[in-house]
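Values in this text are rule-based calculations from the coordinates and carry no lab data. Just so it is clear, the model here is predicted, and its values are computed rather than measured. Here the Cβ positions follow ideal geometry from the backbone for every residue, glycine too, while neighbour counts run over all protein chains shown.
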Amino acid sequence: MLWQHLSAFLSFSAVFGAALAPWMAGDLSVSLPAVNPCCYYPCQHQGVCVRVGLEGYECDCTRTGYFGANCTSPELWTRLYNLLKPSPAFYHFVLTHFRWFWDIINSTFIRDTLMRLVLTVRANLIPSPPTFNSNYGYISWEAYANVSYYTRILPPVPDDCPTPMGTKGKRQLPDAQLLAERFLLRHKFEADPRGTNLMFAFFAQHFTHQFFKTSGKMGRGFTKALGHGVDLGHLYGDNLQRQHQLRLFRDGKLKFQVVDGEVYPPSVTEAPVHMVYPPAVPKEKQLAMGQEVFGLLPGLCMYATLWLREHNRVCDILKREHPTWSDEQLFQTARLILIGEGRRHRGSPRPTSHGDLVPSGSAGPARL
Ligand code: HEM
């Protein structure tokens, strides 16, 4: 405890020491540098802090349901809503009991209706058009229109704050390595409490790398996955040129190679796309896939192979049913079907009696 007080005092002194020095020496004419008041996060309920003059601020409470200098006074509807809203403990109790009730919901049409409602309500929480990104802590055209940025729902901490958290916490963020070791490093095997396994981790990794693609060239606030969603860019490439290299241009199919009688992604010599492999791997041994880093891990290669097989399987069925369709129509339709499958297998969540939402499927195309 004593140490905490001491370290808080030390970090306070480190921030303000330089500014206080002339004052302590009796030079009262030098004024303290004004800390940006927005660093104190005075605006409540997601009101947006705007700096006014040197030391002033205003809170923009638009659509927060609150008003007042710090967005703390509830409007009439907010007051009513807060009055009627059940507590988190109540939700928790209902969601973790009455199994028979949840079984009925999960086995009837109510499940889909309820999930549609939950997802729509949640989707509405996301501001559209997008508001902030990591470079603009205020409403801007860039944040709205420049889709190569990752968007943000909350503004970033202003640049000129005394600490990375604004005014609270230490002046420096803790070492990432240390955090990872403290929280994640295991010394003995512990089975996952929900019985999942490495396949699920690889599924998640494979899935998320279609929309989380931080751009090395433009900077860490930027994404290369301009589709911004489940577009299966990790199967078809994140741009048209890459897609064309990966396509067979026959029957809507993707290029492939057969090894020991089984279908795999083509080699980079057959589909010349940029892939990240260790330098020792020759081009003819590199597999060409939609996502350039998938060659680095066997689990990612495996899922890429399953989806490739699935795309070509769907093309075969479509071609049988629609013999008049062109390669382009077969390809585009198969892609739409696979996007649907991708979303479905990622897990249309269902309400449970365990109080959370679990994916309905985690095995990817293998479940088809
Ligand atoms: C064998 C296991 C894994 C390895 C070796 C690995 C390695 C990496 C590396 C080196 C990065 C880049 C970090 C950087 O740019 O600073 C990264 C990023 C990332 N990883 Fe993993 N990872 C693994 C498992 C996972 C899993 C299971 C997920 C599940 C969701 C995942 C999701 C991500 C995401 C979303 C990013 C950010 C990608 C981006 O924005 O470009 N990773 N990983």
(request) Return the Cα extents of segment 82-148 along principal axes one, two and three, sorted largest first, each rounded to a whole Å. (result) 50, 29, 19
(request) Could you work out how far apart the two model spin labels at residue 178 and residue 251 are, taking each label as a point 7 Å from the Cα in the direction of the beta carbon, and quote it in nm? (result) 6.0 nm
(request) When a/c is below 1.5 the answer is rounded, else prolate if a/b is larger than b/c, else oblate, so apply that to segment 68-121 with a ≥ b ≥ c taken from the square roots of the Cα gyration tensor eigenvalues. (result) prolate
(request) Would you mind classifying segment 56-196 by shape? Square roots of the alpha carbon gyration tensor eigenvalues, ordered a ≥ b ≥ c; an a/c under 1.5 is rounded, otherwise it is prolate if a/b is larger than b/c and oblate if not. (result) oblate
(request) Obtain the nm distance between the two label points defined at residue 84 and residue 201 by a simple spin-label model: each point lies 7 Å from its Cα along the Cα-to-C-beta direction. (result) 4.6 nm
(message) Quick check: Cα centre of segment 103-173 to Cα centre of segment 246-310, how many Å?
(response) 35 Å
(message) Between residue 119 and residue 95, what is 0.36 nm times their sequence separation minus the Cα-Cα distance? Round to one decimal in nm.
(response) 7.0 nm
(request) Could you list which residues have their amide H under 5 Å from that of residue 248, counting only those 5 or more apart in sequence or on another chain, with H placed in the peptide plane? (result) 253, 254, 255
(request) Kindly rank 308-321, 85-98 from highest to lowest mean number of other beta carbons found within 10 Å of each residue. (result) 308-321, 85-98
(message) Return the equivalent ellipsoid semi-axes of segment 166-303 as a descending list in whole Å, where each equals the square root of 5 times an eigenvalue of the C-alpha gyration tensor.
(response) 33, 21, 15
(request) Just grab the label-to-label distance for residue 77 and residue 52, each label 7 Å out from Cα along the Cβ direction, in nm (one decimal). (result) 2.6 nm
(request) Figure the gain on full extension for residue 62 and residue 140 (residue separation times 0.36 nm, minus the Cα-Cα span) and round it to one decimal in nm. (result) 26.5 nm
(request) Which order do the peptides 185-195, 154-164 take when ranked by the mean count of other beta-carbon atoms within 10 Å per residue, highest first? (result) 154-164, 185-195
